[in-house]
Amino acid sequence: MINLFSHYVSGRLMILAALEGVVLLIAAQIGISLPFAGSATAVPGAGTAIPGQAAAFAVGMMIIMVSMGLYASDMWSDTWSVRGRLIAAFLAGLVAIALAASLVPSLYPGHVVLGASIAGLALAGISFVRSVFHRWNNLGVLTSRVLVLGTGSRVAGLEENSRRSPSHRVVGYVSLQPSKHFVPQSQLLSMAPGDTLMSVVDKHAIDQIVVGVRDRRGGGFPVQQLLECKMKGVKVVELPTFFEREYRQVMLESLNPSWMVLGDGFRQSFFGNLVKRFFDVTVSGVLLLFYLPVLLVAALCIFLESGSPVLYRQERVGRGGRVFTIYKLRSMRSDAERNGTVQWAKANDDRTTRVGRIIRRCRIDELPQIFNVFKGEMSFVGPRPERPIFVDQLNKQVPYYSLRHTIKPGITGWAQVRYAYGASVDDAVEKLQYDLYYVKNHSLFLDIMILIATVEVVLWGKGAR
């Protein structure tokens, strides 16, 4: 993983993106050059314009591919789902070329044939790169072999999480003292008398050691052996840091005040808040202009199906624990909580109207929250605001839950693009780990990444209820 502007990005992803960026540039350069071959005087200045046009195509296609989710860890394989999204991405790119050429005819002369040739060349090149990358990935190249020090409850979730991550593989666990093991028995690595951590590392070709031991008192913690491993080139990392780096979550079970105070992150600054406010207003303003017709049509459909009110108002908890009124398009029946009992939304909720199911799936019901952003009660990106009754409940049951209220809530957020819709306390715990990652590492770069990933959520309906 590479730390880029306080956000961890997969090294594999960077390699794949770089290779595909080169393919897109070459395909665009070849495609755009074809109309000018043997006709240097046909379009004045064409030769100097080609690199800029090729770069614009490559950057535009990369953004489209990211928004299609083609750089998610589960989208690097060679499956029909990936191929379908690739084709959809290049069809969108072809439409973008046609629109650009229509608005600026000098940009892409002969745009219909040209666009088809560029898209065809690029799609063939990207498909080839992905096929080779998939085979390369299956060979285990760049897959880090991990040894975990400790077998307690804190490391229990690593096995399941590691199956979802192609960047590393947990080879086994070493127990330092007799205790209850929370990991599979088959994964325990025994150490014979006289063995050292270095001998285990050599035997299993370990690349990094994750320290997941909670109690390090009494002289049983092998500091000298770990130092020997580190001096031999083996990475040694604390469990919370490994968890944050690999899964982009803050591990709730290992969270403590000293780690938050003395470690990196959890920064608040006047300049950072000013930049974020400018970003919020700009993005929200553009989206409001773009989606205003959609909002009006959705409001009309809601009114025709179930009458008024069209807007739904609800109290939510914002920054600093302050309660504010959130605005949404009504997606449920007017009497959804007629008995006065507040309920979590659930899958296939029978309280949702027909129009409501559509607008919730496309996230159109969230658009009126843009007015909350203009009022300064919300940001465009941040932890989703919860209802006061749920916040009171979760504050009592989930440690550090109140930390998510140290920044403004958002229309979309890191938890929303990384995790399905939450409808229980367990879901709230999982989403909190993503929210705390955002609170710790939030930046303009991460906001832009979340904004692009939100397009995938809207397009493919991930997590909608």
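The values are calculated or read from the model by the stated rules, or taken from the named source; none is laboratory data. The shown structure was predicted, so the numbers you read here are calculated from the model rather than taken from an experiment. Every residue, glycine as well, gets a Cβ built from its backbone with ideal geometry; the counts of neighbours run over all protein chains shown. Accessible surface is based on the protein model in full, side chains and every heavy atom, while ligands, DNA and RNA are left aside. Shrake-Rupley method; radii C 1.70, N 1.55, O 1.52, S 1.80 Å.
Given the criteria open to solvent by less than 20 Å² (accessible area, probe 1.4 Å) and more than 17 Å from the chain's Cα centre (by Cα), does V391 qualify? For V391, the condition - open to solvent by less than 20 Å² (accessible area, probe 1.4 Å) and more than 17 Å from the chain's Cα centre (by Cα) - is met.
Determine whether S77 is assigned to a loop (DSSP other than H, G, I, E, B), on the phi < 0 side of the Ramachandran plot, at pLDDT below 80 and surrounded by fewer than 16 Cβ atoms within 10 Å (Cβ to Cβ). Criteria met by S77. The residues on offer are S127, S162, S167, and the sole one that is touching a His at 6+ places or on another chain (Cβ under 8 Å) and under 30 Å from R83 (Cα atoms) is S162. For the range 397-412, taking the residues that are outside any loop (DSSP other than H, G, I, E, B) and of a type in the set (V, I, T), the one that is nearest to the chain's Cα centre (by Cα) is identified as T412. Within the range 142-164, the set of residues being surrounded by 18 or more Cβ atoms within 10 Å (Cβ to Cβ) and not hydroxyl-bearing (S, T, Y) comprises V146, L147, V148, L149, G150, G152, R154, V155, L158.
Do we have any residue at all in the range 229-251 that's within 18 Å of Y401 (Cβ to Cβ), touching a residue at least 40 places away in the same chain (Cβ under 8 Å) and open to solvent by 80 Å² or more (accessible area, probe 1.4 Å)? Checking the range 229-251: not a single residue is within 18 Å of Y401 (Cβ to Cβ), touching a residue at least 40 places away in the same chain (Cβ under 8 Å) and open to solvent by 80 Å² or more (accessible area, probe 1.4 Å).
Select from the range 2-20 the residues that are in a loop (DSSP other than H, G, I, E, B) and more than 13 Å from E246 (Cβ to Cβ) and write down the one among them that is modelled with the lowest pLDDT.
To start, the set of residues in the range 2-20 that are in a loop (DSSP other than H, G, I, E, B) comprises 5-6, 10.
Still in the list and also more than 13 Å from E246 (Cβ to Cβ): 5-6.
Working: F5: 75, S6: 79.
Residue satisfying both the conditions and the ranking: F5.
Taking the range 4-24 as the search range and keeping residues that are closer than 20 Å to N441 by Cα and open to solvent by 30 Å² or more (accessible area, probe 1.4 Å), which one is nearest to the chain's Cα centre (by Cα)? Walk me through it before giving the result.
Taking the range 4-24 first, the residues closer than 20 Å to N441 by Cα are 4-11, 13-14.
Those still in the list that are open to solvent by 30 Å² or more (accessible area, probe 1.4 Å) too: 4-6, 8, 13-14.
On the way: L4: 14, F5: 15, S6: 14, Y8: 11, L13: 13, M14: 15 Å.
Looking at residues that are closer than 20 Å to N441 by Cα and open to solvent by 30 Å² or more (accessible area, probe 1.4 Å), I get Y8.
Checked against (1) open to solvent by less than 10 Å² (accessible area, probe 1.4 Å); (2) touching a strand residue (DSSP E or B) at 6+ places or on another chain (Cβ under 8 Å); (3) part of a helix (DSSP H, G or I), Y437 passes all but condition (2). Scanning the range 124-141 for residues that are open to solvent by 50 Å² or more (accessible area, probe 1.4 Å) and either assigned to a helix (DSSP H, G or I) or among the aromatic types (F, W, Y) (or both) turns up A124, S127, F128, V132, R135, W136, N138. Being open to solvent by less than 80 Å² (accessible area, probe 1.4 Å) and over 20 Å from K375 (Cβ atoms) is a description that does not apply to L288. Take the conditions (1) at pLDDT 90 or above; (2) crowded, with 17+ Cβ neighbours inside 10 Å; (3) part of a helix (DSSP H, G or I); G356 misses just one of them, which is (1).
Looking at V43, is it open to solvent by 20 Å² or more (accessible area, probe 1.4 Å), of a type in the set (V, I, T), touching a helix residue (DSSP H, G or I) at 6+ places or on another chain (Cβ under 8 Å) and modelled with pLDDT under 80?
Yes, satisfied.
All of L451, L446 fail the test of being open to solvent by 40 Å² or more (accessible area, probe 1.4 Å), within 18 Å of S379 (Cβ to Cβ) and part of a helix (DSSP H, G or I), apart from L451. Residue check: I370 meets all listed conditions (1) out of contact with any Phe, Trp or Tyr (no Cβ under 6 Å at 6 or more places or on another chain); (2) closer than 18 Å to A298 by Cα; (3) at pLDDT below 90 but one, namely (3).
Applying the condition of being at pLDDT 90 or above, assigned to a loop (DSSP other than H, G, I, E, B) and farther than 25 Å from G157 by Cβ to the range 207-234 and asking which residue is farthest from the chain's Cα centre (by Cα) yields K232. Filter the range 291-331 down to the residues that are part of a loop (DSSP other than H, G, I, E, B) and either open to solvent by less than 30 Å² (accessible area, probe 1.4 Å) or at positive phi (or both) and list them by number. Those that are part of a loop (DSSP other than H, G, I, E, B) and either open to solvent by less than 30 Å² (accessible area, probe 1.4 Å) or at positive phi (or both): G307, G318, R330, S331.
The set of residues in the range 259-282 being in a helix (DSSP H, G or I), under 20 Å from Y434 (Cα atoms) and open to solvent by less than 80 Å² (accessible area, probe 1.4 Å) consists of W259, M260, K276. In the range 165-201, how many residues are part of a loop (DSSP other than H, G, I, E, B), open to solvent by 80 Å² or more (accessible area, probe 1.4 Å) and in contact with a helix residue (DSSP H, G or I) (Cβ under 7 Å, 6 or more places away or on another chain)? Of the residues in that region, 1 qualify.
Once the range 120-146 is narrowed to residues that are small (G, A, S) and more than 17 Å from V22 (Cβ to Cβ), the residue that is farthest from the chain's Cα centre (by Cα) is G120. Restricting attention to the range 95-138, the residues that are hydroxyl-bearing (S, T, Y) and either modelled with pLDDT of 75 or more or touching an Asp or Glu at 6+ places or on another chain (Cβ under 9 Å) (or both) add up to 2.
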